[in-house]
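A.B. asks: Below you will find the structure I want to go over with you.
Each reported figure results from applying straightforward, stated rules to the coordinates on display, with no laboratory input. As the structure is a computational prediction, the values presented were derived from the model and not from experiment. Heads up, the Cβs are rebuilt from the backbone with ideal geometry, glycines too, and the neighbour counts pull from every protein chain shown.
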Amino acid sequence: MQTDFAKEPIVAHSNIALTSEEKIKVIRYHFREIMLALGLDLEDDSLKDTPGRVAKMFVNETFLGLNPVNEPSVTLFENKFKYNEIVLEKDIPLYSYCEHHFVPIIGKVHIAYISKGMVIGLSKLNRITEYFAKRPQVQERLTIQIAEYLKQVMAMEDVAVIIKAEHLCVASRGVNHTGCATVTQSLHGQFLKKERSSELYSLLAI
């Protein structure tokens, strides 16, 4: 007996944006087809609900950054103490997915800025990172997106973003080399000056 998600799905390739529930229905159907093509037994207790679990995970967790409704609400505060040195948020956890093979990118993000009158709630840096990471990505673009977004919301140029990450498309397939790290950076404003960039790298070494 066929279940509902085994039936023909709604058309995904249209000009009409799908709701989250519609996306889940489409993904559930097609992931079921992938599993069947691999020869998996979807009557097995541990597999029968997998298409639905994967679909919900993709829409509500793994790729939530594809939905603009999940854009973080950013809070800025007056820099009352007139602090004019580097503010650095280190080791923000990064979990993204390589858009070439749909396997994880795991690493750390470091975000720095120099206040021009306003400061940002520290947790917002984590949320901005998550918003752009929770979508199929390449690390270079992710680095730039975080930096450009922060420049926009804080209305200033003095921003730096550095990412160090391991790509499972290298570690778990192909050459199967674990422990390789990719490092990218996007430096702007004062961080383009040697003095400031050297100071930033020293702080990262702490």
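A.B. asks: 5 Å is the cut-off here: which amide hydrogens, built 1.01 Å from N in the peptide plane, fall below it relative to C98, excluding neighbours closer than 5 in sequence?
C.D. replies: Counting only residues 5 or more places away or on other chains, the set is V103, I105, Q137.
A.B. asks: In whole Å, how far is the Cα centre of the stretch 19-37 from that of the stretch 166-206?
C.D. replies: Comparing the Cα centres of the stretch 19-37 and the stretch 166-206, I get a distance of 36 Å.
A.B. asks: Would you calculate, for the chain, the mean residue ellipticity at 222 nm contributed by helices, counting each DSSP H stretch of 4 or more residues as -39,500 (n - 2.57) and dividing by all residues, to the nearest 500?
C.D. replies: Numbers: 6 runs with 69 residues, N = 206.
One gets -10500 deg cm²/dmol as the mean residue ellipticity at 222 nm.
A.B. asks: Of the listed pairs K82/K108; K116/K164; K90/K151; K116/K193, which have alpha-carbon separations greater than 20 Å here? Each step should come with its number before you reach the end.
C.D. replies: Working: K82/K108 29 Å; K116/K164 27 Å; K90/K151 18 Å; K116/K193 17 Å.
Violating the 20 Å Cα-Cα cut-off are K82/K108; K116/K164.
A.B. asks: Rounded, prolate or oblate for the stretch 85-206? Axes are the square roots of the Cα gyration tensor eigenvalues, ordered a ≥ b ≥ c, and the cut-off for rounded is a/c under 1.5. Numbers along the way, then the final one.
C.D. replies: Details: a/c = 2.39, a/b = 1.72, b/c = 1.39.
Cα axes put the stretch 85-206 in the prolate bin.
A.B. asks: Pick out, in residue order, every one of the GluC sites (Glu not before Pro) in the stretch 21-108 that is DSSP loop and has at most 14 other C-beta atoms within 10 Å; say none if there are none.
C.D. replies: Qualifying residues, ordered by number: E43, E85, E99.
A.B. asks: When the Karplus curve 6.51 cos²θ - 1.76 cosθ + 1.60 is applied with θ = phi - 60°, which whole-Hz ³J(HN,Hα) does each residue of the stretch 100-114 get, with x for Gly and Pro?
C.D. replies: Computed from phi, the couplings for the stretch 100-114 are 7, 10, 6, 10, x, 10, 10, x, 10, 10, 10, 10, 10, 8, 10 Hz.
A.B. asks: Order by neighbour count: V183, V159, V87, V103, fewest other Cβ atoms within 10 Å first, most last.
C.D. replies: Neighbour counts put them in this order, fewest first: V183, V103, V87, V159.
A.B. asks: Here's a follow-up. Suppose each label sits 7 Å from its Cα in the direction of the beta carbon; what would the E157-T178 distance come out to in nanometres?
C.D. replies: 4.5
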